[in-house]
Every structure is written in C-alpha cells, then in structure tokens.
Amino acid sequence: MTSTENELTTARTVSAATDRSVSAWKESVHAATTGAGLWSRAPRIDPTVGVQRYFAMVQNAIDAQRELAVTWASSVNAISGRWSDQVTAVTGAARRQVEVVADVVSSPARAVEQAAERRAQLAEAEAEAERRRVQAAQRAAARAAEEQAAQAAEAAKAEERRAQAAQRAAARAAEEQAAQAAEAAKAEERRVQAAQRAAARAAEEQAAQAAEEAKAEERRVRAEERAAAKAAQEKAELEATRAEERRVRAAERAAEKAAHDQARQVYQEATKTELSEKLAERGLARSGTVEELLERIVESDLARAPYQDLTRTELAEKLAQRGLTRSGTVEELLERIVESDLARAPYQDLTRTELSDELARRDLPKSGTVEELLGRLTAADQAGTDAK
C-alpha cells in the first residue's frame with residue numbers, strides 16, 4: 001500500500017469519526033435545545049480543571065499531550081460557552097446553523113479527536129502502568145505494613161512475655177521478700193523468746209541467788225547469834241570459872257592463913273638462936289628480928305608442906321616437869337621445889353590466857369601447858385635477876 005492510499009484510509013477514518021462526533025454533537029444539541037431551560041440553569045463545567053487533575057494524577061505525563069488536550073478542551077469549552085450563552089435566545093437559529101457549524105468543525109475536529117484518542121490511549125496505558133505500580137507499591141506497603149504489624153505483634157508478644165516474666169520475677173521477689181520477712185519475723189520471735197527465756201532464767205537465778213543469800217544471811221545471823229550466845233555462855237562460864245577460881249583461891253588463902261597460923265604455933269616458943277639455927281639448916285638467911293626469922297621459917301614450912309610426904313623420885317619428877325635439875329639430896333630437891341614455888345608466886349593467880357598474854361608481851365613463846373608457861377616465866381625472871 002502506497003502513502004497516498006494510507007493517507008486516504010486515514011482521512012476516511014478521521015472523516016467517519018468526525019461524522020460520528022458531529023452526529024453525536026448534533027443529537028446533544030437537539031437534546032439541549034429541547035431542555036434549554038434546564039441547560040440555562042445547569043452549572044458551567046470547566047473541563048480544563050478536570051483534565052489538569054487527571055494529568056496530575058498520572059504525574060503530569062508527557063507535556064506535549066497535556067498541551068494538546070488542553071487546547072482541545074479549551075476549544076470545546078469556548079464553543080460550549082458561546083452556545084450556552086445564546087441558547088435561550090437563538091434556539092431556532094442554532095437549529096438552522098447546525099449543518100453549517102458541523103461542516104466547519106468536522107475536519108479539524110476529527111484530527112483533534114484522533115490525536116486526543118491516541119494521547120488518551122497512551123495516557124490510559126501510562127495510567128494503567130502507574131496503577132499497577134501504585135498497586136505494587138500498595139502491595140509492598142501492605143506487605144511492609146503486615147511485616148511491621150507482625151513485627152509489632154511479635155514485639156508486643158515479646159513485650160508481653162517480658163512483662164509476664166517481669167511480673168513473675170516481681171511475684172517471686174515479692175514471695176521471697178515475704179518469705180524473708182516471715183523468716184526474719186520468726187527469727188525475731190525466736191530471739192525474743194530466747195531473750196524472754198534468758199530473762200526468766202536470769203530472774204530465776206537472781207531469785208535463787210537472792211534466796212540463797214537470804215538463807216546465807218539467815219545462817220550468818222544464826223551463826224552470829226549462836227556465836228554470841230556461845231561467847232556469852234563462854235564469858236559466863238569464864239566468869240563462873242574465875243569466880244570459882246577466886247573462891248578457891250580465897251579458900252586456899254584462908255587455908256594457907258590457917259596453916260600459916262598453925263605453923264607459927266610450932267615456933268611460937270622458940271628463941272631467936274633456935275630460929276637462926278633452923279634457917280641455917282634450910283640454907284635460909286638468919287639475919288633479922290625474931291618476927292622476921294619466925295615468918296621466914298613459917299613460909300618455908302608452908303612451902304614445903306605440899307611436898308613433905310613425897311619420895312625422892314617424886315620430887316625429882318616434879319623438878320623435871322618444871323625443867324629444873326633433879327640431882328641432889330632430898331633436902332636439896334625439896335628446897336629447889338620450894339624456891340620454884342616462890343618464883344611462881346606472882347603468876348599463881350593468872351589463867352592460861354593471861355599467862356600467854358604475859359609471854360607474848362615479853363616476846364616469848366606462848367604455846368604449851370600451864371606448867372610450861374609458868375616455868376617459862378620464872379626462867380625469864382631468874383635470867384633477869386642473874387643479869388642484874
């Protein structure tokens with residue numbers, strides 16, 4: 001097919017399309033003239049804005065197509081606007097001029113319509129591609145949203161698990177704290193009970209100690225009372241003993257006086273020479289008056305009286321008890337005992353305690369029997385006499 005044939009075919013197609021468009025337009029004009037009143041009240045529609053919004057939605061695809069579509073829409077709007085302004089007044093004239101107008105616009109309108117259809121197809125294809133891209137993006141966004149939701153759900157579950165674990169841990173910690181508090185309370189109760197038992201034991205021990213101290217004090221008081229009673233008894237006994245000793249000594253002195261008086265009766269008729277001879281026989285001093293000589297002989301007789309009936313052996317034992325020499329004749333032993341009695345005379349009335357005190361005063365030993373204490377004192381007196 002040649003280019004001429006192609007152009008003819010195209011022209012025929014365009015012409016047919018234009019005829020169809022004009023026929024459709026004429027029908028719309030007739031319908032419009034029929035309802036002119038309605039058209040005059042209908043709001044004016046600006047196709048430019050719709051086209052611009054359409055091409056904005058498909059992201060302003062192909063500037064040239066947009067300009068062509070805008071030009072076509074402006075032409076249609078101008079024709080529609082002019083017709084709309086005069087529709088009421090020239091309804092009849094419009095009907096008469098339809099054919100003329102159709103002839104005028106048929107040729108360029110077909111060309112414009114064909115170009116617009118091609119551009120519209122391209123725009124639809126691009127819009128479809130954009131729609132698919134948008135759908136793909138939406139699906140990707142939906143998948144991302146689902147993934148984010150899944151992640152959020154998983155995070156929420158993890159957070160819930162963490163919160164549950166934290167709650168369980170807090171519950172366990174609370175239970176442990178409660179158990180520790182209960183154990184501490186039990187320990188404190190045990191400590192208090194132990195302290196109470198210890199206090200009770202201490203109180204019992206103190207009470208027992210106080211009772212024991214009271215008993216000890218009572219025993220001490222009783223012991224003191226017994227000691228005081230014993231001391232009083234001993235004192236009374238001592239006083240009684242001393243009184244008895246004084247009575248006995250008084251009796252002894254009375255007996256000694258009676259014996260002394262009786263002994264004097266023996267020598268009452270003797271002369272001084274006879275008395276001197278008697279004293280010389282006994283190794284006593286012979287100087288002095290008759291009375292002094294008589295007294296000296298009487299004292300010697302009284303001193304010898306307790307030992308007159310003793311044998312020599314008994315006299316020797318007596319001297320041994322006093323720590324004195326046991327050798328010599330009977331007369332010498334007897335005289336030695338009498339001299340010992342005369343040396344003991346100052347201490348004869350003293351008790352054993354008084355003899356011990358006297359020895360202690362002289363820094364001498366104070367232990368032993370009464371006989372030993374008397375011998376110790378007379379020996380000390382004799383040693384002092386010898387020293388003088």
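The values are calculated or read from the model by the stated rules, or taken from the named source; none is laboratory data. Predicted, not measured: the structure shown is a model, and the values here were computed from it. Methodologically, a virtual Cβ is constructed for each residue, glycine included, from the backbone with ideal geometry; neighbour enumeration extends over all protein chains shown.
Worth a mention:
- Check on Q265, loosely packed, with under 12 Cβ neighbours inside 10 Å, within 30 Å of D349 (Cα to Cα) and touching a Leu at 6+ places or on another chain (Cβ under 9 Å): no
- Verdict on A170 being part of a helix (DSSP H, G or I), within 21 Å of R53 (Cα to Cα) and among the small types (G, A, S): no
- The single residue among G328, G283, G323 that is modelled with pLDDT of 80 or more and more than 60 Å from the chain's Cα centre (by Cα) turns out to be G328.
Residue by residue, here is whether (1) of a type in the set (G, A, S); (2) surrounded by 11 or more Cβ atoms within 10 Å (Cβ to Cβ); (3) part of a helix (DSSP H, G or I) holds:
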site	(1), (2), (3)
R220	no, yes, yes
A223	yes, yes, yes
E239	no, no, yes
A254	yes, no, yes
H260	no, yes, yes
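- Conditions (1) free of Cβ contacts under 8 Å to residues at least 40 places away in the same chain; (2) outside the structural domain of R376 (by TED's automatic domain parsing); (3) of a type outside the set (S, T, N, Q); (4) exposed (fewer than 14 other Cβ atoms within 10 Å of the Cβ); number of the one not met by E354: (2)
- For L364: the one exception among (1) touching a Ser or Thr at 6+ places or on another chain (Cβ under 7 Å); (2) not in a helix (DSSP H, G or I): (1)
- Residue within the range 313-336 that is farther than 30 Å from K366 by Cα, surrounded by 13 or more Cβ atoms within 10 Å (Cβ to Cβ) and touching a Leu at 6+ places or on another chain (Cβ under 8 Å) present: yes
- Test: A123 is in contact (Cβ under 8 Å) with a residue 40 or more places away in the chain and in a helix (DSSP H, G or I): yes
- Among the residues here, A116 does not qualify as under 60 Å from the mean Cα position of the chain (by Cα), surrounded by 11 or more Cβ atoms within 10 Å (Cβ to Cβ), assigned to a helix (DSSP H, G or I) and modelled with pLDDT of 65 or more.
- Remark: pairs (first residue in the range 313-328, without any contact (Cβ under 8 Å) to a residue 12 or more places away in the chain; second residue part of a helix (DSSP H, G or I) and loosely packed, with under 13 Cβ neighbours inside 10 Å; Cβ separation under 7 Å; 6+ apart in sequence or on different chains) = R326/A320.
- Scanning the range 279-292 for residues that are surrounded by 13 or more Cβ atoms within 10 Å (Cβ to Cβ) and more than 22 Å from A343 (Cβ to Cβ) gives a single hit, V290.
- Some residue of the range 306-319 being out of contact with any Phe, Trp or Tyr (no Cβ under 9 Å at 6 or more places or on another chain) and of a type in the set (V, I, T): yes
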